[in-house]
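Please treat every number below as a calculation from the coordinates, not as lab data. Since we're looking at a predicted model, the values are computed, not measured. All Cβ positions, glycine included, derive from the backbone under ideal geometry; neighbour counts span all protein chains shown.
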């Protein structure tokens, strides 16, 4: 199955159901299908084909989503570019993935001269919300191009996180998507046409989350901004069943004054991923939104669902006095092999910490034009996630921290996520990040950088005492900085690299 085949199944079964909706008007599956045919034929007429790359530079937008479906219908590889990235980063991505055709939203019209200058491989552009685009579409053929199945063909080039360096092009194949969809359906069965609220960028996990829903006539509702009040109202207004959000956005929803004024009974899965989540805020979210919290663990290189923590598992953890399980990312998904490995390539027994490694149909075909990085990520025949984790006797996987984020203080290993869990439990803390900073005595000292809830206050001494009481003196922060807003990537991950930079100028630690 190709990615476009799931959409076509939805269009066959639900031609008159809305596939895309911008909050005020919708487009049916039949209408969107016609547009994907024309986009595909236009790309083929422009000389693109298998192996060619096309991109859509746009905020979340119905026409942008239709274009990405048209790209994959043509057998062309979609190269996602996140509209929330800095322009220069997107120029790097467009060049690094050899994009030849660019669809763009009018909000980026002023950037077009710079794009043309910096990306000479781009031969044609089309503005998706301009009258000229309708003229271009009308000139294309209406019949779907008849292309062969291509299970190992690269359907899109995801960008690696980029939190520690330049993003790499991650080659995701039709087989990867088929595996991911199969795990999704096994883990989150769909028994009626779903409604998916696209809040996070469609170029990342929120977009991937939408793919398995297409086969069941899913409606994708696009929000232009991640406004917490607007999200809460939209869930009730549209009867949303599925939504993906990073933990930081869930924290913002919980802090909103209207969070308990809406009806969330339509929700079946509120999926959270991309970063560790505060256990205390997770318990609060279950209380507010109902037993619908769903965690997945994956990465660009291993699509989204390496592990799965179901709503039932969340509730059971609370009902059976196993609250500690809420700090896990669930159990290993079907169709995935996941283990913990030491630095010598030895698989470790349950209960021992090591790097999380995976095998199976979720794992990428490799990094685009980067054989060295591909080889490094595939050492010992497993994909290396860069995450330190442990699997308990019941099969629950716990991510201890990113390998590169571990702090070595006085010869002791300190995992920031453990300290962050304690600080998140303070009622005044909205979010926090724990980093290592240079220290003449300890080598590295533990520092907490804290973002407070609006109007709330706490002292550094108060937070240090809380951590020392729960974790002891070695793991407790030696200092606390307060910040108005933590630096975050466009997909909501806290950029610890950016926080560390100011403290490590002139030092030899790898930022």
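Take every pair of alpha-carbon atoms less than 8 Å apart whose residues are at least six positions apart; their mean separation over the length of the stretch 210-360 yields a relative contact order of 14 percent.
Peptide packing for 60-69, 226-235 was compared via the average number of neighbouring C-beta atoms within 10 Å per residue; ordered from the highest value, the list is 60-69, 226-235.
What is the stretch 3-225 by shape, rounded, prolate or oblate, if you read a ≥ b ≥ c off the alpha carbon gyration tensor as root eigenvalues and call it rounded for a/c under 1.5, prolate for a/b larger than b/c, and oblate otherwise? Cα axes put the stretch 3-225 in the rounded bin.
Relative contact order of the stretch 20-137: 26 percent, from C-alpha pairs under 8 Å at least 6 residues apart in sequence. To the nearest ten degrees, helix 279-289 and the longest principal axis of the Cα atoms of the chain are 50 degrees apart. When only Cα pairs below 8 angstrom with a gap of at least 6 residues are kept, the stretch 415-510 shows a relative contact order of 27 percent. Between the Cα long axis of helix 62-73 and the first principal axis of the chain there is an angle of about 70°, rounded to the nearest 10.
Sorting check: for 320-329, 96-105, 14-23, which peptide has the highest mean count of neighbouring beta carbons within 10 Å, and how do the rest follow?
Ranked from most to least packed, the peptides come out as 96-105, 14-23, 320-329.
Every helix of 4 or more DSSP H residues in the chain counts as -39500 (n - 2.57), and over all residues that averages to -9500 deg cm²/dmol at 222 nm. For the chain, take the longest principal axis of its alpha carbons; what is the angle in degrees between that and the long axis of helix 205-214, to the nearest 10 within 0 to 90? The angle comes out near 50 degrees.
Taking 0.36 nm per residue of separation and subtracting the Cα-Cα distance, what length does fully extending residue 474 through residue 191 add?
The residue 474-residue 191 span can extend by a further 96.9 nm.
The order of the peptides 343-349, 215-221, 464-470 by mean Cβ neighbours within 10 Å, most packed first, is 215-221, 464-470, 343-349. The simple spin-label model puts a point 7 Å past each Cα toward its Cβ; for residue 323 and residue 459 those points are separated by 2.7 nm.
Based on DSSP, what percent of beta bridges with both residues in the chain are antiparallel, to the nearest 5? Here the share of antiparallel DSSP bridges comes out near 60 percent.
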